[in-house]
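Notes follow the structure.
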Amino acid sequence: MNWYGIGAIYKFEMARTWRTLMQSIAWPVLSTSLYFIVFGAAIGARMGNIEGVSYGAFIIPGLIMLALLSESISNASFGIFFPKFSGTIYEILSAPVSVFEIVAGYVGAAATKSIVLGLLILVTARFFVDYEIAHPVWMVVFLVLTALTFSLFGFIIGIWADDFQKLQIIPLMVITPLTFLGGAFYSISMLPAVWQKITLFNPVVYLISGFRWAFYDVADVNIGLSVGMTLLFLILCLLATWWIFRTGYRIKT
């Protein structure tokens, strides 16, 4: 294992975070804080509890997941897209590092940024609403698994995209709507029966439900199913990445 190679890629990507601290960390935390102020403190104070949890506390897992998914994809996709755009990807491919080590460096850095962001949002939420974490270990497991999975997904998007506009298509037009419709601000049990069944086709439902269970011991779907769906998506992303490097799709051509 070439730890020096992994470390070089990882440190370079992490250094980019500090150079763009405002848009990488400060802005996501600030925008999420606005959600807490509007939905948690202002509107939430006038709403009843949902499954025994105050509305302000109920939306915390959904808001963290919204930021986690978006930032994981954005960080990882830009990290690999820019070397393609500038032509330096060939230097990386010709270096004595394996495919696994390249992916580990880029995805590891993107996941680290997302995990730090998620924890900062969790700390920030304490200033606006009170909450408890029923299963802290499982909370960390879901946080890390989701960050790794969607950073890997973002890595794939970065390879697929051939211009800067395409980097934003999936996060803005797919992930964000799926998160809003996946129970970030409500329990799917509040929907009509037909829409409850339709919502189960939304993969983000399982992520938010599992993460919320780790906080409050309440979930829209079985916790085992949530873990299984997260692992399944991770495996699919790993297979897609393996195929990309095996065929050289949009990397060597």
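Quick note: the coordinates plus some simple rules give every number you see, no bench work behind them. None of the values given here were measured: they were computed from a predicted structure. Every residue, glycine as well, gets a Cβ built from its backbone with ideal geometry; the counts of neighbours run over all protein chains shown.
For this structure, a couple of remarks:
- Panel note: the C-alpha atoms of segment 138-253, placed on their principal axes, show extents of 49, 27, 21 Å (largest first).
- Inter-label distance for I37 and V141, nm, one decimal - labels placed 7 Å from Cα along Cα-to-Cβ: 3.7
- The tail of the calculated P(r) for the chain, taken as Cα-Cα distances beyond 22 Å, holds 54 percent of the pairs.
- Potential extension, M190-R250 segment - 0.36 nm per residue separation minus Cα distance: 17.2 nm
- Taking 0.36 nm per residue of separation and subtracting the current Cα-Cα distance, fully stretching the chain between R16 and F180 would add 56.1 nm.
- Per residue of the chain, the DSSP helices (runs of n ≥ 4 H) give a summed -39500 (n - 2.57) that works out to -22000 deg cm²/dmol at 222 nm.
- Largest-first principal axis extents, alpha carbons of segment 168-236, Å: 33, 28, 21
- Pairs of Lys residues in segment 3-247, spaced 8 or more positions apart or belonging to different chains, with C-alpha separations under 27 angstrom: 6 in total.
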